[in-house]
Amino acid sequence: MKTLFVLLIFTLLSAQHVSSANVSLVITGHHGPVLEGDDITLECLADTSEDMSTYYFQKYSKWMNSWITLDTRMSFRCWYYAVNITRNDGQLFLYLNDIQTYQSGPYRCVSNNSLQTEVSENITIPINYLRDVSLFRTGFFSRYTDNLKVLTVAPGDDVEVECSAYSSGTPLYEWSRDGDDWIIVSNKLKLESVAPEHAGTYTCKALHPSVADLSKSKSFSLVVAKEYKHHQAVSDIYMILAIVLPAISLLIIVVAFAIHMYRRKNATEKLLADEGGQRTPIYKGSLDSLPSVSDKQPLVM
């Protein structure tokens, strides 16, 4: 009984030793927030005096629902998992040059030697980015057709320009005009009943919510012209025609094709009906008869 108890204690201690995490994964040599395009180094650390020959990096694949080993030639590899891994002086490093969002991880470090299996905590690299600042005049058509650089309006028109940016966090927006000291904190610039004095260069500045140094700007010029009213009306008509005429043409083609198929179907059904109807018999001696010496029966019943 005592021997069984000692064996049970030894088994529990051994299991605890195997499952303990004596390996860790850290970001080394980088200070401050990680920005898209930075060079990042991950280091695998172990609390043993041995070298890192039995340790390797893994990255989790959502599509394959499994961990992919990165630094063995036996594993499936492609550009998505292509990384630079070095083993120098008993140290194990993973280098991510010009890091992009798809390289955020998660990663882990694993040891699989003859004595025990160790797995580090997962690490996901928080990559901050701010890109693709765009300006467009509010409206369905302009949102998908305008690359706003110069906006020409008539006196008395209302102007609303929206600024947007693609960011790792919801960005903040500031509007300003060259030569003025005012700032509007909003993603939309609204000007009512514009006059010539409203003309100028307006700039939208997008700021990352958590990284103070991460910001981008884009500007457009506002021109107020009296003769633009007629030009704007003509432009609107052209825009409507550019959308309506192709739609009408497509509708005519679809209707014509449907009519053609309907007539073709009716003609086919009529032909089949005629071929399957009762035929007139051909008798000997008639103009349509075939030469025969003794046939007194109709050729077709």
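The values are calculated or read from the model by the stated rules, or taken from the named source; none is laboratory data. Model, not experiment: these values are computed from the prediction. Positions of Cβ are backbone-derived with ideal geometry, glycine not excepted, and every protein chain shown enters the neighbour counts. What goes into the accessible areas is simple: the full protein's heavy atoms, side chains included, and nothing from ligands, DNA or RNA. Shrake-Rupley method; radii C 1.70, N 1.55, O 1.52, S 1.80 Å.
For segment 88-124, how many residues are over 16 Å from SER167 (Cα atoms) and in a loop (DSSP other than H, G, I, E, B)? Qualifying residue count, segment 88-124: 14. Each residue in segment 108-139 was checked for being in contact with a helix residue (DSSP H, G or I) (Cβ under 6 Å, 6 or more places away or on another chain), buried (at least 17 other Cβ atoms within 10 Å of the Cβ) and touching a residue at least 60 places away in the same chain (Cβ under 8 Å), and 1 of them qualify.
From the set of residues in segment 231-266 that are among the charged types (D, E, K, R) and at pLDDT 80 or above, which is least open to solvent (accessible area, probe 1.4 Å)?
My answer is LYS265.
Count of segment 97-134 residues, restricted to those that are farther than 21 Å from SER215 by Cα, modelled with pLDDT of 90 or more and aliphatic (A, V, I, L, M), is 1. Looking only at segment 89-107, residues that are closer than 15 Å to GLY29 by Cβ and open to solvent by 20 Å² or more (accessible area, probe 1.4 Å) come to 4 in all.
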